[in-house]
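Enquirer: Take a look at this one; I'll ask things after.
The values are calculated or read from the model by the stated rules, or taken from the named source; none is laboratory data. What you are looking at is a predicted structure, and each value in this text was computed from that prediction instead of being measured. Note: ideal-geometry Cβ built from the backbone for every residue, glycine included; neighbour counts use all protein chains shown. For the accessible areas, the whole protein counts, side chains as well, though only heavy atoms, and no ligand, DNA or RNA atoms are used. Shrake-Rupley method; radii C 1.70, N 1.55, O 1.52, S 1.80 Å.
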Amino acid sequence: MDAVQQANSGHPGAPMGMADIAEVLWRGVMRHNPSDPTWWNRDRFVLSNGHASMLLYSVLHLTGYPLSIEEIRNFRQLGSHTAGHPEHDVHLGIETTTGPLGQGIANAVGMALAEKLLAAQYNRPGLPVIDHRTYAFVGDGCLMEGISHEACSLAGTLKLGKLVVFFDDNGITIDGDVHGWCNDDTPARFEAYGWKVIRAVEGNNAAAIAAAIQQAQSQSERPTLICCKTVIGFGAPNKGGSARTHGEPLGAAEIEATRKNLGWTSPPFEIPADIRAAWDQRTAGQLAQDAWNALYARYQAAYPQEAQDLTRRLGGQLPGNWHEVAADLMGQAAALDVPQATRQSSQFALNLIGPHLGELVGGSADLTGSNNTFRKDSRAVTPDDASGNYINYGVREFAMTAIMNGLCLHGGFRPYAGTFLVFSDYARNAVRLAALMRQGVILVYTHDSIGLGEDGPTHQPVEHVASLRLMPNLSVWRPCDAAETAAAWVCSVERDDGPSALVLTRQALPQQPRTPAQQAAILRGGYTLIDCDGMPEAIVIATGSEVALGVEAVKALAGQGRRVRLVSMPCVEAFQAQDAAWREAVLPAAVTRRVAIEAGATGLWWRHVGSQGRVLGIDQFGASGKASELFRHFGLTAENLQRTIVELLNN
């Protein structure tokens with residue numbers, strides 16, 4: 001109450017209503033060590049209803065995490081670690097960024113799945129070195145968001161028995177009594193998913209909460225939903241139980257009345273010594289970690305190779321031979337000489353690198369055969385066998401992406417999964433959170449343009465690549481052949497500070513010849529593929545399938561004595577990150593006659609061609625027809641590109 005009041009901003013209702021649940025969980029149930037928030041085998045906690053952030057900050061401070069009372073005082077202020085909604089900072093005990101409702105529970109599913117996969121791969125009889133639970137708080141809003149259905153359905157199917165979710169069933173959302181717009185039978189819904197459901201637990205009764213948790217822990221075949229009957233703004237005598245406590249300060253008078261109602265006499269931000277001591281979990285947490293350290297020492301002695309690999313993976317390190325693996329991939333890809341769709345080039349890359357990367361867990365949203373995400377060493381994860389490395393996500397693009405975020409946040413995995421590029425819209429907000437949290441998920445998006453053909457404009461992405469490029473901290477790769485696809489995979493695997501999207505074709509593309517220097521330059525995101533003698537008169541910038549059109553046009557003009565350079569730019573973000581000297585060498589400022597060509601929205605290309613340049617692209621929806629006919633229909637041909645360059649040169 002005091003932090004929200006001081007900030008004059010925030011959500012006191014859910015923290016007050018769920019405080020008793022948090023007290024039981026954080027003081028008596030969860031295995032965690034505030035002195036070492038990164039301990040591998042800690043239980044994970046996700047506050048999916050992230051507007052209740054002050055509840056999380058309170059328990060982190062009280063249990064001994066390095067979140068000071070000054071940070072609590074500075075709730076929602078610029079520069080503080082106590083943002084309006086929790087932002088991922090594992091060193092403070094914040095496992096994931098939450099706030100966009102529903103994504104937290106999907107992250108929790110990913111974390112629980114990560115635990116199950118790692119346990120199946122590394123645990124040995126008598127040595128369960130991976131053995132922890134994932135707990136999550138959710139509210140009505142989380143469960144109304146469609147992603148909750150996607151994620152929780154899959155969690156039940158995969159039997160994620162160590163996932164325990166507490167439903168803050170207070171019957172109130174921002175607009176008031178939730179039954180006016182959501183009268184679902186939530187327990188029945190989750191039972192239909194295959195969850196264990198514990199109904200009508202008194203959310204302010206510590207004994208009832210503890211008994212429900214014991215029930216959840218007594219079985220391992222089903223995730224558990226504990227439905228907690230709570231009162232939003234519990235303890236507030238005049239506003240409690242109403243939407244008035246949801247998203248605004250209670251006000252000085254109501255806070256004073258609540259203090260009296262609850263028998264709380266301490267001044268704001270002061271914790272009595274006996275209460276502080278009773279909350280402190282540092283000693284208990286260290287004892288739990290010490291016991292696990294002893295277990296892990298036995299594991300290391302008995303299984304040194306497995307322990308070394310597990311340590312590497314959980315530490316986020318690539319294998320020692322990675323550079324040799326990457327070089328082999330780049331070399332083999334460069335040697336290919338037959339036309340190939342880049343989605344097939346992607347599978348070629350996966351087949352080479354997959355066996356060397358145990359952390360590279362794959363998947364697809366029911367498009368495995370189209371996305372080419374299943375590699376030679378792939379083996380599907382099933383409800384009864386979690387030792388595989390491939391997840392069939394079903395038609396669940398949004399949850400798939402948020403679950404990948406959870407896998408990455410947990411540690412030990414570098415997840416990748418595929419869908420059609422046009423369906424990235426379904427997943428977009430989870431992509432955004434991956435970028436915000438700097439998680440290294442790899443997004444495989446195939447059928448990248450009108451080149452997919454007859455499925456028509458509903459399936460033909462136009463604005464999607466440009467839209468993804470607008471997202472901060474997302475690397476978008478649109479390769480033109482196998483060599484560039486291999487480079488995209490190498491850069492995506494090596495990237496540990498954000499997500500990457502691989503945008504791949506359905507149709508076959510020719511392989512482009514390169515010198516060794518050009519081959520290495522692909523990793524820079526933009527490089528000269530075809531050059532001329534002396535300073536070029538004009539520059540063509542192309543990506544993906546349109547690089548081949550650029551090759552044809554530039555070669556034709558060279559035969560006419562014109563000096564035109566072709567720049568392939570598979571990743572704008574990687575190119576922009578290069579030093580000024582490289583960018584000038586590739587795109588000299590003195591050359592103002594420039595044409596960019598891409599089968600998609602044109603808007604972002606003007607920054608590269610300037611006011612005197614031209615952009616050939618598509619700023620309307622596609623059409624149903626054969627790919628070759630569509631490219632001609634929209635003017636994306638070598639002839640039209642050549643004609644545009646000549647017009648520029650003549651002006």
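Enquirer: Within the set of pairs 6+ apart or on separate chains, which have a first residue in segment 144-162 that is assigned to a loop (DSSP other than H, G, I, E, B), a second that is among the hydroxyl-bearing types (Ser, Thr, Tyr) and crowded, with 24+ Cβ neighbours inside 10 Å, and C-beta atoms under 7 Å apart?
Expert: LYS162/THR134
Enquirer: I'm trying to understand the selection: among the residues of segment 423-445, which are in a helix (DSSP H, G or I) and open to solvent by 20 Å² or more (accessible area, probe 1.4 Å)?
Expert: Answer for segment 423-445, where residues must be in a helix (DSSP H, G or I) and open to solvent by 20 Å² or more (accessible area, probe 1.4 Å): PHE423, ASP425, TYR426, ARG428, ASN429, ARG432, LEU436.
Enquirer: For residues that are open to solvent by less than 90 Å² (accessible area, probe 1.4 Å) and either assigned to a loop (DSSP other than H, G, I, E, B) or at pLDDT below 95 (or both), scanning just segment 164-175, find the one that is farthest from ALA136 (Cα to Cα).
Expert: GLY171
Enquirer: Now, a different point. Given (1) surrounded by fewer than 24 Cβ atoms within 10 Å (Cβ to Cβ); (2) touching an Asp or Glu at 6+ places or on another chain (Cβ under 8 Å); (3) closer than 19 Å to ASP168 by Cα; (4) of a type outside the set (Gly, Ala, Ser), identify the lone condition not met by PHE45.
Expert: The number of the failed condition is (1).
Enquirer: Of everything in segment 207-224, what is in a helix (DSSP H, G or I) and open to solvent by less than 50 Å² (accessible area, probe 1.4 Å)? Give them in sequence order.
Expert: ALA208, ILE209, ALA210, ALA211, ALA212, ILE213, ALA216
Enquirer: Now for a separate question. Those residues that are of a type in the set (A, V, I, L, M) and within 24 Å of ARG632 (Cβ to Cβ), I need them from segment 528-554; list them, please.
Expert: Listed by number, the residues that qualify are LEU529, ILE530, ALA538, VAL540, ILE541, ALA542, VAL547, ALA548, LEU549, VAL551, ALA553, VAL554.
Enquirer: Of the residues that make up segment 127-134, is at least one modelled with pLDDT of 95 or more, open to solvent by 10 Å² or more (accessible area, probe 1.4 Å) and not charged (D, E, K, R)?
Expert: Within segment 127-134, one or more residues are modelled with pLDDT of 95 or more, open to solvent by 10 Å² or more (accessible area, probe 1.4 Å) and not charged (D, E, K, R).
Enquirer: Within segment 194-243, take every residue that is touching a residue at least 60 places away in the same chain (Cβ under 8 Å) and on the phi > 0 side of the Ramachandran plot and give me the one that is nearest to the chain's Cα centre (by Cα).
Expert: GLY233
Enquirer: For segment 67-75, check the following and say yes or no: at least one residue is crowded, with 21+ Cβ neighbours inside 10 Å and under 27 Å from the mean Cα position of the chain (by Cα).
Expert: Checked segment 67-75: at least one residue is crowded, with 21+ Cβ neighbours inside 10 Å and under 27 Å from the mean Cα position of the chain (by Cα).
Enquirer: Same structure again: Could you list, in sequence order, the residues of segment 618-651 that are assigned to a loop (DSSP other than H, G, I, E, B) and out of contact with any strand residue (DSSP E or B) (no Cβ under 7 Å at 6 or more places or on another chain)?
Expert: Of everything in segment 618-651, those that are assigned to a loop (DSSP other than H, G, I, E, B) and out of contact with any strand residue (DSSP E or B) (no Cβ under 7 Å at 6 or more places or on another chain) turn out to be ILE618, ASP619, GLN620, PHE621, GLY622, ALA623, SER624, GLY625, LYS626, PHE634, THR637, ASN651.
Enquirer: Considering only segment 276-315, state which residues are among the small types (Gly, Ala, Ser), farther than 21 Å from LEU67 by Cα and open to solvent by less than 70 Å² (accessible area, probe 1.4 Å).
Expert: Correct list: ALA288, ALA291, ALA294, ALA297, ALA302, ALA307, GLY315.
Enquirer: Let me ask something else. For segment 456-566, which helices (runs of 4 or more DSSP H) that fit wholly inside it have 1 or more residues that are open to solvent by 50 Å² or more (accessible area, probe 1.4 Å)? Talk me through it step by step, then tell me what you get.
Expert: Values: elements: 464-469, 482-494, 516-521, 546-559.
Correct list: 482-494, 516-521, 546-559.
Enquirer: Of all residues in segment 510-556, which are among the hydrophobic types (A, V, I, L, M, F, W, C), over 21 Å from HIS608 (Cα atoms) and touching a Cys at 6+ places or on another chain (Cβ under 9 Å)?
Expert: Passing the criteria: none in range.
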